[in-house]
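Peer 1: Input: one structure, supplied below.
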Amino acid sequence: MQLALFIIFGALALGGALNLLYQRHPIHSALSLVVVMMSLAVLYWSLGAEFLAAAQVIVYSGAIMVLFIFVIMLLNAGEEHRTNGSRAAYAVGIPGAAAIFCLLSFVFLSERSALMTSNIGGDLSNAADNIADVSAMLFTRQLLPFEVTSILILVAILGAVVLARKEQ
Amino acid sequence: MSHLTNIEVFLLLSVLKVAVVLVITLMAVAYTVLLERKLLGRIQNRWGPSRVGPFGLLQPLVDGAKLFLKEDMMPLAVERPLYILAPILALGCALVSIAVVPFGAVTRVHGVDLFQIANVNIGLLVILGITSIGVYGITLSGWSSNNKYSLLGSLRSTAQVISYELALGLSLVGVVLRAQSLNLRVIVDSQSAHGMLSWNFFGGLQFVGFFIYLMAAYAETNRAPFDLPEAETELVAGYNTEYSSMKFAMFFMSEYANMITVSCLATLLFFGGASSPFGHLIPAFGGAVVQAILPVFWFVAKVFGFLFLYIWVRATLPRFRYDQLMGFGWKFLLPLAMANIIATSFILAMRG
């Protein structure tokens, strides 16, 4: 069951991501990104991370992507023209992507035995309902990273307000 | 059912449950429309629909037939796949969220809970998530119609829903703090100790949260006095200007289905769900069947009360201006919801 879900929604996420790049209209690209977000949410859910899945749907698909589409609609962005792209992108991009792929597959293959036995999310007890665990973890042992992240987001919001404010 | 295996019984009962709940929801949608027309008529000192059937009771069926038989027009300049997808998305999301609502006491037949389709640990978040996906229906309909009024309507709607979603989510935190769970069944059970006195609205002192929820919910469902997305005096009909026949009907039905969902949620979170307001004061009477149906009756009565309030508000209040709408959401409801969270958690910490 979990494997079937992983194959279906992993493929959907990949297809959505590729479609995002191939579509020429910004709205279609944004909608493909929504498909990617929703498939990721299903993957999280199938791994037992229900809260993360719900947060992914509410925050990413429900708020951030709606804002993206809102801005695209507001600016009435038309179809993009397909260009040949910069030569630097080809020169650096293809070897770079190949290098990252090689590095990742090397790490995964060489550490295969360790990855199989490692306990991912070891701080959480494997209860059916892990929201209480997650929140207790966030507000006790992981409090500092949590608060630093919120301050980072606050700084970003203030920056956006400063940029958006009209010059006097 | 003795010769069926457990999993077969489960599948059969689940499919039956889904079908029954879907049909009842759609009938409720149709008759909410009639209720609205009748009540609006009475409040405005006229009769409302009264020609088809006794007291106009068959009006929804005739309206449905009319919409179904009308010509389905497809304007030339629309963005075809999205234009068709938008009403499906709107109605689908509106109908799916009813699946996690527990509308009766726990009643197990062959191990299957009769009065709830899916008992999910994060039921509240599921409803919020589906609601936030439902925005795409309206957003895409406005954009794909290729009409300036539709686009303006859907832009307004998107901005409004994003703004009020924050206040809506924050207003529910007080309830979640009290119940210590996001499971709707657990939230209902946390209010069932002493009848009306232990409901979150009365005993739980969540009335501030309730009024924030109520106002944010009116804005989320694009109902008066927040019906700017389809303000007919300014925008023709807003996002559904270019839609006709069944596609228009789907938007119409999704609006009323959302009203019902929001009323169900208000009942579950603030008014004790399917529990009786008298608690255990009235001794149990009748057989097991009566005792199973009585909670459903209370639930339906409460939801009906909220629908009545919806219509009453529509008939009474004029529409907000756009800047007033935004100011109200961001400058009044949001800080108030945050203050409610702080006060609730402070009191809970003092007690516990």
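The values are calculated or read from the model by the stated rules, or taken from the named source; none is laboratory data. Note that this is a predicted model, so its numbers are computed, not measured. Every residue, glycine among them, receives a Cβ derived from its backbone with ideal geometry; neighbour counts consider all protein chains shown. When the accessible area is computed, the model is the full protein with side chains, heavy atoms only, and any ligands, DNA or RNA have been set aside. Shrake-Rupley method; radii C 1.70, N 1.55, O 1.52, S 1.80 Å.
Peer 1: Could you tell me how many of the residues in the range B:93-124 are part of a helix (DSSP H, G or I) and either more than 14 Å from chain A (Cβ to nearest Cβ) or open to solvent by 30 Å² or more (accessible area, probe 1.4 Å) (or both)?
Peer 2: So the count comes out to 5.
Peer 1: Test A:GLY85 against the criterion of being part of a loop (DSSP other than H, G, I, E, B), more than 30 Å from B:ASN146 (Cα to Cα) and either within 14 Å of another protein chain (Cβ to nearest Cβ) or at pLDDT 85 or above (or both), and give yes or no.
Peer 2: no
Peer 1: Considering each of A:PHE101, A:PHE68 in turn, give the residue that is more than 11 Å from chain B (Cβ to nearest Cβ), open to solvent by 70 Å² or more (accessible area, probe 1.4 Å) and out of contact with any strand residue (DSSP E or B) (no Cβ under 8 Å at 6 or more places or on another chain).
Peer 2: Checking each option against the conditions leaves just A:PHE101.
Peer 1: Would you pick out the residues in the range B:148-157 that are buried (at least 22 other Cβ atoms within 10 Å of the Cβ) and more than 11 Å from chain A (Cβ to nearest Cβ)?
Peer 2: B:GLY153
Peer 1: Something else now. Which numbered condition trips up B:VAL52, out of (1) part of a loop (DSSP other than H, G, I, E, B); (2) of a type in the set (Val, Ile, Thr); (3) at pLDDT 85 or above?
Peer 2: Exception for B:VAL52: condition (3).
Peer 1: For the range B:23-42, indicate whether the set of residues that are open to solvent by 30 Å² or more (accessible area, probe 1.4 Å), of a type in the set (Val, Ile, Thr) and not assigned by TED's automatic domain parsing to the domain that holds B:GLU255 is non-empty.
Peer 2: Yes, the conditions are met somewhere in the range B:23-42.
Peer 1: For A:ALA17, are the conditions met, namely being modelled with pLDDT of 85 or more, away from every other protein chain (no Cβ under 14 Å) and either in contact with a Phe, Trp or Tyr (Cβ under 9 Å, 6 or more places away or on another chain) or farther than 30 Å from B:ALA90 by Cβ (or both)?
Peer 2: No, not satisfied.
Peer 1: Condition first: closer than 26 Å to B:LEU124 by Cβ and either free of Cβ contacts under 8 Å to residues at least 24 places away in the same chain or not in a helix (DSSP H, G or I) (or both). Now tell me which residues in the range B:257-292 satisfy that.
Peer 2: Across the range B:257-292, the qualifying residues are B:PHE271, B:GLY272, B:GLY273, B:ALA274, B:SER275, B:SER276, B:PRO277, B:GLY279.
Peer 1: Residue check, A:GLU50 against (1) open to solvent by less than 70 Å² (accessible area, probe 1.4 Å); (2) within 11 Å of chain B (Cβ to nearest Cβ); (3) under 21 Å from B:SER141 (Cα atoms), all met but one. Which one?
Peer 2: Every listed condition holds for A:GLU50 apart from (3).
Peer 1: Mind listing whichever residues of the range B:158-197 are away from every other protein chain (no Cβ under 13 Å), of a type in the set (S, T, N, Q) and within 21 Å of B:ALA349 (Cα to Cα)?
Peer 2: Across the range B:158-197, the qualifying residues are B:SER171, B:SER190, B:GLN191.
Peer 1: Which condition number does A:HIS28 fail, the rest of (1) over 23 Å from the mean Cα position of the chain (by Cα); (2) within 10 Å of chain B (Cβ to nearest Cβ) being met?
Peer 2: (1)
Peer 1: Could you list, in sequence order, all residues of the range B:125-145 that are open to solvent by 30 Å² or more (accessible area, probe 1.4 Å) and away from every other protein chain (no Cβ under 11 Å)?
Peer 2: none
Peer 1: Tell me whether the range B:71-86 contains one or more residues that are in contact with a Gly (Cβ under 7 Å, 6 or more places away or on another chain), within 12 Å of chain A (Cβ to nearest Cβ) and part of a helix (DSSP H, G or I).
Peer 2: Within the range B:71-86 (the criterion being in contact with a Gly (Cβ under 7 Å, 6 or more places away or on another chain), within 12 Å of chain A (Cβ to nearest Cβ) and part of a helix (DSSP H, G or I)), the answer is yes, since at least one residue qualifies.
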